[in-house]
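Data block below; observations after.
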Amino acid sequence: MNAEFMQAFEQLGREKGIAPDILFEAIEAALISAYKRNFSSAQNVRVSLARETGEIHVFARKTVVEAVKDSRLEISLEEAQSIDPRYSLEDVVEMEVTPKNFGRIAAQTAKQVVVQRIREAERGIIYEEFSSRESDIVTGIVQRIEAKNVYIDLGKAEAILAPSEQIPGETYRHGDRLKTYIIEVKKTTKGPQILVSRTHPGLLKRLFELEVPEIHDGVVEIKSVAREPGLRSKISVHSRDEDVDPVGACVGHKGMRVQTIVNELKGEKIDIVKWNTDPAKYIANALSPAKVVMVEVNETDKTSRVVVPDYQLSLAIGKEGQNARLAAKLTGWKIDIKSESQVQTTV
């Protein structure tokens, strides 16, 4: 290998963020393997690669012993001292064994090592970039669907949307543009594996953070999120500024902000409720759109008893108990809903 060849390697390594020392150490290690493979050698060898000129020298390393058992690994004291009288037992003697045609093999090996190291470095950079974006939203394009897994092109990398992370009933086609939530980034031998979700509550939270400037600026805070993906969600919000209505900020003018998020989630209904330090008021808000007459709370076991007008009972409970279930998930309280007539009957 000539000097220009070496400079090209070094420059390429720097461009890809690989330290020259690491690159050349890897090349030397690969050259040892190449020597042993191509010249059927079981010797203990060292390869010296001159970084400026590209000259390569291969040295067989032999330990000085009294009686030689394996001439590939050992040398007698007498023979060692004939090379240099200063050698003694257990010293290591290096003898050059560079093959004549080793330069061509070395150049090919060095290329392979550099390509491999660059690939590893690029994978490392991609891993660092996406692992720092866990719990964030990414936008990508559906590339293919295999075994119900949806593979999404993110530009530098590919993400996997597993069946368990897909919104029930949502269909995905090649070329579709999708927003997904990064739940985990794993290191694998083939590069980073990016796992994304369309069902995670964090996706809804991040969509609101992107769509509502007041949330992004910290004026309005999202306190809790409860989702039944593809069907309905509830989100509780609080304003740090008395002059800013947190629910109004999230809904937007003529409902434009929340509608954008509903469209992104393919029609998932979203209830935005006002958070309150008073559990009774918070639970009443969480059961929206149902009207609540009274809420009794038991702080000890975090249970509550809610009374609603008779005509509001089915609305408060929701289809298959969905409204009550989401309200309980949102607030962290167990909620028992009764109608006014039911309460009167038991009194």
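No value in this document is a laboratory result; all are computed from the given coordinates. The structure presented is a predicted model; accordingly, all values stated were derived computationally and were not measured. Here the Cβ positions follow ideal geometry from the backbone for every residue, glycine too, while neighbour counts run over all protein chains shown.
Worth pointing out:
- Beyond 25 Å in Cα-Cα separation lie the following of the pairs 274/329; 254/319; 205/269: 254/319.
- Interchain or long-range residues, amide H under 5 Å from residue 74's placed H: 63
- Among 204, 330, 49, the largest mean-square fluctuation in a Gaussian network model of the chain (Cα springs under 10 Å) belongs to 49.
- Residue-wise HN-Hα coupling along the stretch 296-308, computed from phi with Karplus coefficients 6.51, -1.76, 1.60 (Hz; x: Gly, Pro): 10, 10, 10, 4, 4, 10, 6, 10, 9, 10, 10, 10, 10
- Taking every DSSP beta bridge that has both ends in the chain, the antiparallel portion is near 70%.
- Sites residue 92 and residue 37 - FRET efficiency at Förster radius 25 Å, r taken between beta-carbons, to 0.05: 0.60
- Among 226, 73, 343 - extreme Cα towards positive end, dipole of the chain, charges at beta-carbon: 343
- Listed residues 152, 32, 118, most fluctuating in the chain (Gaussian network, C-alpha, under 10 Å): 32
- Here the spin labels are modelled as points 7 Å beyond Cα on the Cα-Cβ line, and at residue 46 and residue 136 they lie 4.6 nm apart.
- Choice from 337, 83, 18 with maximal GNM fluctuation in the chain (Cα, 10 Å cutoff): 83
- Net +/- balance of residues flanking residue 305 in space, Cβ distance below 9 Å, scoring K and R +1, D and E -1: -1
- Residues whose amide H comes within less than 5 Å of that of residue 97, counting only those at least five positions distant or on another chain, are 58, 59, 60 (H built at 1.01 Å from N in the peptide plane).
- Kirkwood-type hydrodynamic radius, the chain: 26.3 Å, calculated from all non-identical alpha-carbon pairs.
- On full extension, the segment bounded by residue 190 and residue 302 gains 35.5 nm, given 0.36 nm per residue less the C-alpha separation.
- Straight-line reach from residue 16: taking Cα to Cα under 17 Å and skipping same-chain neighbours fewer than 8 places apart, the aspartates and glutamates in range are 25, 120, 122, 128, 129.
- Only Lys, Arg (+1) and Asp, Glu (-1) charged, at Cβ; the stretch 1-133 dipole about Cα centre in debye: 660
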